[in-house]
1. Write out, first by first residue and then by second, each pair whose Cβ atoms fall under 6 Å of each other, whose residues are 6+ apart or on separate chains, and whose first residue, in the stretch 121-139, is surrounded by fewer than 24 Cβ atoms within 10 Å (Cβ to Cβ) while the second is in a strand (DSSP E or B).
2. Select from the stretch 76-90 the residues that are closer than 21 Å to Gly135 by Cβ and in a strand (DSSP E or B) and list them in ascending order.
3. Would you mention how many residues in the stretch 19-63 are among the polar types (S, T, N, Q), assigned to a helix (DSSP H, G or I) and at pLDDT below 95?
4. Those residues that are open to solvent by 80 Å² or more (accessible area, probe 1.4 Å) and either part of a helix (DSSP H, G or I) or charged (D, E, K, R) (or both), I need them from the stretch 91-101; list them, please.
Amino acid sequence: MKKFIYCSLILIFISTISFAQTATDFTTDNCDGISHNLFNTLDSGNVIVIAWVMPCGSCQYFGSRAYDAVQSFNESHPGIIEFYLTDDYANTTCSSVSDWGNANDMGNHIAFSSEEISMSDYGVDGMPKVVVLGGNTHEVLYNKNNGNISEEGVKAAISTALTLSLPETSNKLKSLAIFPNPSKGLIS
C-alpha cells in the first residue's frame, strides 16, 4: 500500500511539472507606439495580466473582473501589475480597443492590436480570455475563458506571481550563509 501511495505521489508531481505552462515571448508596439517585450517585463519583476477581447458587450463583464483584480493591487504594488487589453485577432483598430476599454471603466490599461500577442499560444480561444503571467521563469499562473474568469481567481494568481517576482529576495537568498557549517546546533 505504501508503495502504491508513493508511486501515486510521484506521478502527481511529474504531471504537475509537465503541465506547467510557460508564456510565449513577444516584442510588439502598444497602441501608443511604445515597444514591449514580454520576457524583459517579467524579468524586471512585473506581473502581466492579458485580457483578449473582441471588443464586445459580453467581453466587458468578465474582462472587467480581471481589470478590477489588477486595480486592487495598485496601492500596495504601484506600477508592478500591468493590464494588457488586447484585441482577440488583431483585426480591430487600436483606437477602438482603447476607446472600448475607457468606455467600460478599464481606463488604466495598455492597449494592443497585434498578431504578436496570440491567445492561441495559451490553449483554447474564447472571448474574453485572461492570462496572468509572472516570474523570471515566465509562468502562466491563470488561464481562463468566458464565464470561467473570476476576480478572486485573478487576484490569487497575481498574489502568486508577486512571490515569484521579487528579484531582491532571490538575490538575498543566493548570498545567504550559515556559520559554522557544519554546526553542532548553534548557527549564525
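The values are calculated or read from the model by the stated rules, or taken from the named source; none is laboratory data. Worth saying up front: this structure is predicted, and the values here are computed from it rather than measured. No Cβ is skipped: glycine too gets one built from the backbone with ideal geometry, and neighbour counts run over all protein chains shown. Surface areas here come from the heavy atoms of the whole protein model, side chains and all, with no ligands, DNA or RNA. Shrake-Rupley method; radii C 1.70, N 1.55, O 1.52, S 1.80 Å.
1. Listed by first residue and then by second, the contacts come to Tyr122/Val131; Tyr122/Asn143; Gly126/Asn145; His138/Thr22.
2. Selection gives Ile81, Glu82, Phe83, Tyr84, Thr86.
3. 2
4. Hit for the stretch 91-101 is Asp99, nothing else.
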